[in-house]
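These notes are about the structure you will find just below.
FYI, it's all coordinate maths here, none of it is from the lab. None of these values were measured; they are calculated from a predicted model. Every residue, glycine among them, receives a Cβ derived from its backbone with ideal geometry; neighbour counts consider all protein chains shown.
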Amino acid sequence: MANYVIAITGASGAPYAVRLLQALTSSGHGVKLVVSEAGEKVLAIECKLKLRGGLAHKEGQWKQALGLPESSDHLELFNVNNHAATIASGSYKVAGMCVIPCSMGSLGRIANGMASNLIERAADVTLKEKRPLILVPRETPLNRVHLKNLLAAHEAGAEIVPAMPGFYHNPKSIDDIVDMLVSRVLDRLGVDNELYRRWGGPLPEHAVTEIE
C-alpha cells in the first residue's frame, strides 16, 4: 500500500477531505496529514470536528473520527509550520498529494512557488519530484486572479479537480454527491475505488420519467 500527503486548507468543502481520508485509510493506504489553522476552523463548522490540544491529541482525535485504532500507523498528523517534517523533502517518497479543499490563497502560493508553510512546501516538493499533485478548489465566482493561478498551477504540473459534482449518477443524498467528487480524486491519485455508480450510457427509456 502507498502513502499519500493530504492537506486541508480554509476553503469550504471539509466533508470532501474527511471522506477522502476515510477512503484511503480504510483501503490500507497511509496518510500524511497537514491541516491549516483555517482548515481546522472549517472542519469544526462543516463536520463538527473540533480539534483541540497538542499535535498528538489532535492525531488521536483524527483516528477516532476515522474509525482507526489509536495504535494505527495509517495516519500521521504534521504541524502546518513544521518545515523540517519528512514530507518537506523530496527524498521522502510518497505516491502523491492532494490539497482538499484548496483555498484561493493556498492555490496562489502553490502556483507561484511560495512555500510559507508545510502544505505549500510539500506541494512544491511534489511538483519538483513530478509526483501527482491534485488541487481541489472550492470557490465561486472565480475572479481573474483565481483563473490565472489555476492555469499557472496546471502548467506547473498540478491537476485541478474543482469541487463540481455531477448528477448523472442520480445522487440521493449529500453523501452521494461527496462520494462522486472523492472518487474522481482517488482516480487521479491512481487508487482503485467504486464510491459511486460510474457512467455506463443513457438509462433505458422505460427508466426515464418524462416531465410534461
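What to note about this one:
- Taking a ≥ b ≥ c as the square roots of the eigenvalues of the alpha-carbon gyration tensor, the chain is classed prolate because a/c is 1.5 or more and a/b outweighs b/c.
- Most mobile listed residue (Arg198, Arg19, Arg138) in the chain, GNM with C-alpha springs under 10 Å: Arg198
- Using a simple spin-label model with pseudo-atoms 7 Å out from Cα toward Cβ, Arg198 and Asn79 lie 4.3 nm apart.
- FRET E, pair Ala88, Leu147, Förster distance 25 Å, beta-carbon r, rounded to 0.05: 0.30
- Pairs of Cα atoms nearer than 8 Å and 6+ residues apart set the relative contact order; for the chain it is 21 percent.
- Estimated FRET transfer efficiency when R0 is 30 angstrom, pair Met114-Ser12 (beta carbons, to 0.05): 0.85
- Count, lysine Cα pairs under 20 Å in the chain, 8 or more residues apart or across chains: 16
- Cα gyration tensor category, rounded, prolate or oblate, for region 113-161 with a/c compared to 1.5: prolate
- Rounded tilt (10° steps) of 118-128 against the dominant C-alpha axis of the chain: 80
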